[in-house]
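The values are calculated or read from the model by the stated rules, or taken from the named source; none is laboratory data. Predicted, not measured: the structure shown is a model, and the values here were computed from it. Glycine gets a Cβ as well: all are built from the backbone with ideal geometry, and neighbour counts include every protein chain shown.
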Amino acid sequence: MKEIIVIIGGGIAGLEAASQLLKLGYSPIIVEKSDHLGGHVSRWNKLFPDMTPAQDLLSELIMSSKDANIFLNTAISSMNRLKDSYNIMLSNGISIITKYILITTGFRLFDASKKEEYGYGVYDQVITNADLEHWFNNGNDGRIDNSQMNAIGFVHCVGSRDEKARNTQCSKVCCITAIKQAIELKERFPDAQIYCFYMDLRLFGKKFEDFYIKAQKDFGIHFIRGRVSEVSENIEGKVIVKAEDTLAGKPIKVTLDLLVLMSGMVCNPDSTRTAGMMALPIDSDGFLKSSDNVFHITSSPKQGIYYAGACTGPKTVPETLAEARSAVLEIHSHIIGKE
Ligand SMILES: Cc1cc2nc3c(=O)[nH]c(=O)nc-3n(C[C@H](O)[C@H](O)[C@H](O)COP(=O)(O)OP(=O)(O)OC[C@H]3O[C@@H](n4cnc5c(N)ncnc54)[C@H](O)[C@@H]3O)c2cc1C
Ligand code: SF4
């Protein structure tokens, strides 16, 4: 009989893992709590660094994992350790016995309304990076007025690198996402002035620096180093942003038609809940704790339980896909007794 492997989470990590497991002759089962596959990427439009349409990636992943057993709208009700396997009870009443579980429950976007000073949920023209991606996808957001786009701002590090937000970690993807989105907005609104308010620019990935150079040289996007000190709204409904330009050493005040908050990646509470069922440890950054963060990032401390993707920390798409393949190889090695 083919070995059954349960994948919890049908985002890109779960889909890529299922696709690789199928190629190796296993029977993956994907348990996805929402009504669709693809996780966060299903809401994104174009992916850095190559501006690949997110839908192209998703279609390929969904096609290559279609022979997996997929349960949508399904949660994990309980998980129990048996002698050398696990009994997983699903919310649809199905019980599965398996020796291998791959957790791919991903991340949650920081709730920008918790940073009250930025006015998300209070001022109409304040949106998040995820809202903007969604708008790029479907053009449907009452807060974005196409006819009035003279000035746009981006605030970096919203809910990341911030002790008050209880997250001192860098979310890794939001500097490059801000630059990508700023370029995309400038392409749509060539006359608009665009400002990125940042503390540090962290552009660690392949070709990320090219985006930064292009944003300045070809699109004239303004990068202002300094924390935003105040966001308010004027009588015409425009957003007023005050900040300290720490490089020029002077205060700055701009009037904007749209302010985009770069919400960070934080641990998905569903990951924590799922981990709690098996007494799996949580790391100091709030994400699931791998056996170690150098050599065994896709292994949990419990035999037969593995991780892939953003459930262990902020990851890009290529990093997530690479981890999914790596976790599959670890499971395969264990099954054939080569580990
Ligand atoms: C605004 C923004 C833009 C981005 N743009 C890019 C980009 O252009 N290029 C790039 O490389 N990266 C980008 N990223 C990063 C990218 O989104 C992540 O790398 C990717 O989403 C990680 O995939 P994942 O499968 O690990 O997690 P997720 O996408 O979070 O998917 C997890 C899945 O698990 C499900 N799930 C969660 N808990 C449970 C549970 N208990 N039971 C069952 N199912 C569960 C969820 O419903 C979801 O479907 C961006 C990130 C942000 C925040
Ligand atoms: S990637 Fe940039 S915006 Fe995101 S937390 Fe790190 S420094 Fe801040």
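Overview of values
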| read-out | value |
| --- | --- |
| Considering residues of the stretch 141-157 that are assigned to a strand (DSSP E or B) and within 10 Å of Gln193 (Cβ to Cβ) only, the residue farthest from ligand 2 (Cβ to nearest atom) | Ala151 |
| Count of residues meeting criterion [part of a loop (DSSP other than H, G, I, E, B) and either touching a residue at least 40 places away in the same chain (Cβ under 8 Å) or more than 25 Å from Phe287 (Cβ to Cβ) (or both)] in the stretch 171-200 | 8 |
| Filter pass, Lys46 being among the charged types (D, E, K, R), in contact with an Asp or Glu (Cβ under 8 Å, 6 or more places away or on another chain) and closer than 25 Å to Pro318 by Cα | yes |
| Matching residues, the stretch 107-134, being in a loop (DSSP other than H, G, I, E, B) and modelled with pLDDT of 95 or more | Phe110, Asp111, Lys115, Gly119, Gly121, Val122, Gln125 |
| Single residue of Gly249, Gly313, Gly237, Gly264 found to be farther than 21 Å from Ile101 by Cβ and within 16 Å of ligand 2 (Cβ to nearest atom) | Gly264 |
| Positions within the stretch 121-143 being more than 19 Å from the chain's Cα centre (by Cα) and surrounded by 20 or more Cβ atoms within 10 Å (Cβ to Cβ), in sequence order | Gln125, Val126 |
| Lone unmet requirement of (1) of a type in the set (A, V, I, L, M); (2) closer than 30 Å to Leu203 by Cβ; (3) more than 7 Å from ligand 1 (Cβ to nearest atom); (4) touching a strand residue (DSSP E or B) at 6+ places or on another chain (Cβ under 7 Å) for Met51 | (4) |
| Unique match (being charged (D, E, K, R) and free of Cβ contacts under 8 Å to residues at least 40 places away in the same chain) among Asp145, Asp141 | Asp141 |
| Count of the stretch 74-107 residues which are of a type in the set (S, T, N, Q) and under 30 Å from Cys170 (Cα atoms) | 2 |
| All positions within the stretch 149-192 that are at positive phi, within 12 Å of ligand 1 (Cβ to nearest atom) and out of contact with any Gly (no Cβ under 6 Å at 6 or more places or on another chain) | Lys172 |
| Per-region count, the stretch 293-313, residues among the hydrophobic types (A, V, I, L, M, F, W, C), touching a residue at least 60 places away in the same chain (Cβ under 8 Å) and outside any helix (DSSP H, G or I) | 2 |
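Every residue, every condition in (1) in contact (Cβ under 8 Å) with a residue 12 or more places away in the chain; (2) outside any loop (DSSP other than H, G, I, E, B), yes or no:
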site: Ser229; (1), (2): yes, yes
site: Val254; (1), (2): yes, yes
site: Val260; (1), (2): yes, yes
site: Gly276; (1), (2): no, yes
site: Ser291; (1), (2): no, no
site: Lys315; (1), (2): yes, no
site: His332; (1), (2): yes, yes
